[in-house]
Amino acid sequence: MAQLVLLCFFLTGCSYQVLHFPDKNTSSYSSNHARVSSVPASGYYRVRSGDTLFSIAFRYGLDYRALANANNIDAPYVIYPNQKIRLKEAKKATSSQSKSSSQVSSQTAKVTPKPLPSVSRNEPKKVATKTTTPVTKDIKWAWPVEGEVKRGFSNAGVSSKGIDIKAQKGDLVKAAADGVVVYAGSGLIGYGNLVIVKHDDVYLSAYAYNERIIVKEKQSVRAGDSLAVIGGKGTDRPLLHFEVRRDGQPINPLDVLPKN
């Protein structure tokens, strides 16, 4: 009987990628809330195992396109451990792009997401040409989890760059729109187990403090697909921290989510 129980547990655990939420005393439970990090004085970031171009851009509030251009990285944006990524030039380009985007409607057109690899251990290969994705239709946003917004958006200092949604224990975190998973891991301090979804060339959404992640990078998802099991931060759980980035910059998710 004991062997049967162990076998069932093993088979269940293999059905999804299990990333346990770290203990509240670990570094991922830093006193800092989920926030955009400042670009280091050196202006560079050294790639770590598990990083993607998108997670680096997300960490510093940069547009991934500007980051790719600043480092001559073509699609599909392959990066390598110990590679030095130039941040300062990307920061300038992102600021310029953000100003330009503020002059157009927040209802940005949707494109078909393409799978993107994370860190590879092989030497980089040159890509002959860059590809652009055609604009098709508007993004259809949906709430990632049902519940009350316990903490609103603030773009001042290191305040919340998204919203905190109180949910129910065991709830599944859902994709807020169609897209592709471009990061699934726990490498960004202050975010716990984090999933980032790319919706088009402009918009990303992020789902933090998950108990377990049940999707993998490069996986295409539709609005409403399950991404993770609800977690929380410290004793404040179950709770989801949800962010939306436009051209790399945090915006208030309530501006795009449907009204409750």
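The values are calculated or read from the model by the stated rules, or taken from the named source; none is laboratory data. None of the values given here were measured: they were computed from a predicted structure. Cβ atoms come from the backbone with ideal geometry, glycine included; neighbour counts cover every protein chain shown. Ligands, DNA and RNA are stripped out before the accessible areas are found, and what is left, the full protein with its side chains, is counted by its heavy atoms. Shrake-Rupley method; radii C 1.70, N 1.55, O 1.52, S 1.80 Å.
Residues that are open to solvent by 10 Å² or more (accessible area, probe 1.4 Å) and either within 12 Å of the chain's Cα centre (by Cα) or not hydrophobic (A, V, I, L, M, F, W, C) (or both) within segment 187-208 comprise 187, 198, 201, 204, listed in sequence order.
Within segment 223-248, residues that are closer than 16 Å to residue 204 by Cα and of a type outside the set (A, V, I, L, M, F, W, C) sit with their Cβ atoms under 6 Å from residues that are open to solvent by 20 Å² or more (accessible area, probe 1.4 Å) and part of a strand (DSSP E or B), at 6+ positions apart or across chains, in these pairs: 224/174. Taking (1) over 22 Å from residue 87 (Cβ atoms); (2) surrounded by 19 or more Cβ atoms within 10 Å (Cβ to Cβ); (3) in contact with an Asp or Glu (Cβ under 9 Å, 6 or more places away or on another chain) in turn, residue 237 satisfies each apart from (2). Looking only at segment 212-232, residues that are buried (at least 21 other Cβ atoms within 10 Å of the Cβ) and either at pLDDT below 95 or charged (D, E, K, R) (or both) come to 2 in all. Just one of the numbered conditions (1) in contact with a Pro (Cβ under 9 Å, 6 or more places away or on another chain); (2) modelled with pLDDT under 60; (3) not basic (Lys, Arg) is not true of residue 12: (1).
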